[in-house]
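Here is the structure we will look at.
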Amino acid sequence: AKGYLLGGICWFAIPFSLATSLGLASTALMLPISSSEAGNGLVPPAVADHLLGEAGSALILIMLFMAIVSTGSAESIAVSSLVAYDIYREYINPEATGAKILWVSRVVIVLFGIFMGLFSIALNAMGLNLGWVYLFMGVVIGSAVIPLWNMMTWSKASGTGAVIAAWSGLVLALIGWLVGAKIQGESVTVATLGTNEVMLSGNLIAIFSSGIIHYIYSKFIDPQDYDFSTLNENIHLVEQDLSGLGEQQQDRKVLRHAKRWIARRGYLLTFVKIIVWPILSIPAGVFTKPYFAFWVL
């Protein structure tokens, strides 16, 4: 649990430390970076090349390669696991052996990699830069956040309601996103759809509308009473292989302690990053130099 949380915190070095420092440096140095180049993620390599020359470019390239490989491998494993365990083993071949599941996983990884490569080429050909796609992700997948959270933490959560809420939230988010672009830009184009205000509206509608829909459905239409203590009984290991689990990993007391540890610190970090930190900008108004240094550091 500690390693998982610390690993997640380390990731924040990228958007908070690296992005802030290099973004501010590019502005301070007045580098000739256009908005399209910034949207394509070229600010870090431009700053690194300006400050460190070829060595800076090489460092950014290595960092980018490591980030893409780690993220790509995680996504590939996640998709292959979903297909192999939740689709193939659950509905197609319930008696599948470990070797068979491994084979299916490998096939899915190859097919998923080819699809994502072709999809990225298509997005680039359409003129959608990295920043646009990154913000648009929230519009598309944001509606699944709260229903999934409810399913994992709320005993009254309805599975049917989660599906309905996720798809309804997506539809509402797309409608709000398109309407926002029309109102603000008077026309629906890639440029007007990609503005911060329009993207923010789509993201917020996706997240909050799905949460409200799922709560209402679970509370008044299809309330459940799931007993989380029975969860382990529904987890079926492949060939009952416990070789990768030690005694601590199977001790329920240790697992409950780890859950409490990660939950408390997770809630605290979420509160600080989502509530406290943004609120600190309100009393400051227009940042003074010392306050801006405090905000950044």
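From helices alone, the chain scores -21500 deg cm²/dmol at 222 nm; the rule is -39500 (n - 2.57) for each run of n ≥ 4 DSSP H residues, then divide by the residue total. Distance between the pseudo-spin-label points of Phe228 and Asn124 (7 Å out from Cα toward the beta carbon): 4.4 nm.
The portion of the accessible surface of region 1-160 made up by carbon and sulfur, rounded to a whole percent, is 74 (1.4 Å probe; DNA, RNA and ligands excluded).
Annotation for Met116 and Trp167: the two label points, set 7 Å from Cα along the Cα-Cβ direction, are 2.6 nm apart. For the set Lys156, Lys253, solvent exposure ranked by accessible area (probe 1.4 Å, protein chains only) runs largest to smallest as Lys253, Lys156.
Rounded to the nearest 20 debye, the dipole size of the chain about its Cα centre is 780 debye, using +1 on the Cβ of Lys and Arg and -1 on the Cβ of Asp and Glu.
On a 30 Å Cα-Cα criterion, which of the cross-link pairs Lys156/Lys253; Lys156/Lys273; Lys156/Lys182 come out too long? From Lys156/Lys253; Lys156/Lys273; Lys156/Lys182, over 30 Å: Lys156/Lys182.
Extending 7 Å from the Cα toward the beta-carbon at both Leu29 and Leu64 defines two label points whose distance is 1.5 nm.
Per residue, region 110-205 exposes 59 Å² of solvent-accessible protein surface, assessed with a 1.4 angstrom probe and all protein chains in place. For region 69-126, the fraction of C-alpha pairs farther apart than 17 angstrom is 43 percent. Treating r as the C-beta distance of Val272 and Glu95 and R0 as 45 Å, the FRET efficiency rounds to 0.40.
What the pair-distance distribution of region 18-144 shows, using all Cα-Cα distances binned every 5 Å from zero, is 2, 9, 12, 15, 16, 14, 11, 8, 6, 4, 3, 1, 0 percent.
Ligands, DNA and RNA aside, His50 has an accessible area near 100 Å² when probed at 1.4 Å. Here's the picture: a label point sits 7 Å out from the Cα of Ser36 along the beta-carbon direction, and within region 176-193 the residues with their amide nitrogen under 13 Å of it are 191. Axis of helix 196-216 versus longest Cα principal axis of the chain: the two differ by about 20°, to the nearest ten degrees. I need the fraction of alpha carbon pairs in the chain separated by more than 31 Å, rounded to a whole percent. Cα-Cα pairs of the chain separated by over 31 Å account for 47 percent.
Given a 1.4 Å probe and the protein chains as shown, Phe228 ends up with an accessible area of around 80 Å². Solvent exposure of region 1-45, expressed per residue, is 65 Å² of accessible area, with all protein chains present and a 1.4 angstrom probe. Each Lys or Arg adds one and each Asp or Glu takes one away; over the other residues whose Cβ falls under 13 Å from the Cβ of Val254, this sums to +4. Using a probe of 1.4 Å on the protein chains alone, the accessible area found for Met152 is around 140 Å².
Cα convex hull, region 114-206: 105 Å³ per residue, rounded to a whole number.
For the residues Glu37, Glu247, Glu186, a GNM of the chain with alpha-carbon springs under 10 Å puts the largest fluctuation on Glu247.
Set the Förster radius R0 to 45 Å, insert the Cβ-Cβ distance between His236 and Val179 as r into 1/(1 + (r/R0)^6), and round the FRET efficiency to 0.05. Efficiency, rounded to the nearest 0.05: 0.45. Relative to the longest principal axis of the Cα atoms of the chain, the long axis of helix 252-271 makes an angle of roughly 20 degrees.
The values are calculated or read from the model by the stated rules, or taken from the named source; none is laboratory data. Nothing here was measured: the structure is a model prediction, and the numbers come from that model. Counting neighbours? That spans all protein chains shown, and the Cβs are built from the backbone with ideal geometry, glycine included. To get the accessible areas, we keep the full protein, side chains included, count just its heavy atoms, and leave off ligands, DNA and RNA. Shrake-Rupley method; radii C 1.70, N 1.55, O 1.52, S 1.80 Å.
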